[in-house]
Amino acid sequence: MISSAKYRLVHPERSDREASAQSKGARSAGTGALRLRASRSAQGEPVALSILLLFAAACGPRPVTYRQDVEPLLQARCASCHQEGGIGPFALETYEQATQQAGAIKAVTQSRQMPPWGVDGSGACQKWSDSQWLSDTELDVLARWADEGQHPLGTAGMPLVSAPVAFEPTHTLDPAVDYALRTDLTDDYRCFIVDPGLTEDRFVTAYRVDPGDARVVHHVILYAAQTEAQDAAAAQLDAAEAGPGYTCFGGPGFSARPVVGWAPGTGVTRYPEQTGVRLLGGRKLIMQVHYNTRLGVGVDRTRVALELAADVPIEATIVPLADPSLEVPPGQAEVSQVSELSLPLPLRVKVRGVFPHMHKLGRKLKVELLRSEKWQCAVDVPRWDFNWQRFYFYQTPLAAVPGDSLRLSCSYDTSGRTSPVTWGEGTDDEMCLVGLYVTPR
Ligand code: HEC
């Protein structure tokens, strides 16, 4: 099992500057270290390089081989899900498996359906820490592997070394009972009330979701009740339904704050250095689990391990920004709504990450910040997928000051609908929302 370890590939042909920018950006502690650098000798390199280039020109590009080119990529970018018992529908861990799926691998990577990484990572709209975006060179390797047909095995390329995950959980959230998945649904959304047992405020600095059955748990969002009334609302919803927890879709059924967002394959998520999100002493948490029953039904008991600190140097707040006046007409293949919102900021802040959110008709989402009369792209989701929801953190935080505005553009496919689609928490309702991970400095 390598599900909790991830690998960072730093390609020898990339510049050292880029490589070190990448490794600095590595925040998720799930990132096992793999830092490969070409050893450089100041004088030797140009000579070696030009000989190589001559050689390449004479022979054409060398064929893509499994061991040298394909295996390291699949290990680093795919195997966290595509392993026996993982959420991926098949494993991609052996030569035979990769060869069998070569055509499909090319198709889903070219379309950027896989690996699931929702935000544009090409550099056109911000740079992300721990990005899973495949570079054009990597896409090309997988395409050539599919096209060449011979599928040479080759000899071992870059070794993969995983470093132990730096994570020291202090609390485990456990719904305490097994939940029997609904057999009449392919998507079962369930909210469980979990009690961290805090008598005083604490700060989440890192978390890991441990799915009971990794084949079925498709996303987990943890909401924090902010008041006694919200605790009571959750208890009421829970009591109204048989079995553990209650049915919930867009959120927990009332406006609690999201504090944790997780999709499979993410391992440990560590919030940006020195920061953490406050949990109120005495309050409950609501764990929303999206079960996709395509690969199995049965029972599940998902737990969340939290690393909580008594204090953090910089307190982060997750600020949800949305336009609940959403209303889009039915019968449109692509229809968008653009809202301009002023940022509710009392002071200058840093935006360190984003959590985009729409429902199932959502197709694209974009957030831009207006600074000194210039629109700056803050996040671009070119191909929204409800199944893959998570936080994305910037390599370099964005600054925002009081008076800044934000433009939120969401587009939907309403072709299957006969009446207008409006804001709401139901499966048939929509949202256009972004949670900003904001710190005062
Ligand atoms: C975070 C988990 C995850 C990662 C990482 C991941 N996959 Fe997948 N993959 C899935 C899941 C889950 C499915 C099933 C379809 C779905 O739910 O989107 C899937 C489906 C597929 C399919 C079948 C697509 C179809 O439409 O039937 C292929 C092929 C595939 N993945 C290849 C890859 C490759 C290649 C990589 C790495 C470059 C990769 N995946 C990375 C989770 C993952």
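Since every read-out is calculated from the coordinates, none of them should be taken as a lab result. Bear in mind that the values here come from a model prediction, so they are computed numbers and not experimental data. A quick note on method: Cβ atoms are made from the backbone with ideal geometry, for glycine too, and the neighbour counts reach across all protein chains shown.
Data overview
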item	result
GluC sites (Glu not before Pro) within the stretch 195-260, DSSP loop, no more than 15 other Cβ atoms inside 10 Å	E200, E241
Projected-area mean, the stretch 171-312, by convex hull of Cα positions, square nanometres	8.0 nm²
Charge context of E340, other residues only, Cβ under 13 angstrom, K/R +1, D/E -1	-1
Low-density loop cleavage sites - GluC sites (Glu not before Pro) in the stretch 326-372, where at most 16 other Cβ are within 10 Å (DSSP)	E334
Residue among P196, A234, T247 farthest towards the positive dipole end of the stretch 171-287, charges placed on Cβ	P196
Hz values of 3J(HN,Hα) by residue in the stretch 257-264 - Karplus curve (6.51, -1.76, 1.60), Gly and Pro given as x	8, x, 10, 9, x, 9, 10, x
Exceeding the 25 Å Cα-Cα cut-off - candidates K127/K350; K127/K364; K350/K374; K106/K364; K127/K366; K284/K350	K284/K350
Residue-count net charge about V381 - beta-carbon cut-off 15 Å; Lys, Arg +1, Asp, Glu -1	+1
Charge sum, other residues only, whose C-beta stays under 15 Å from D428's C-beta, Lys/Arg counted +1 and Asp/Glu -1	-4
Residues D300, D147, D174 arranged by fewest to most Cβ contacts within 10 Å	D147, D174, D300
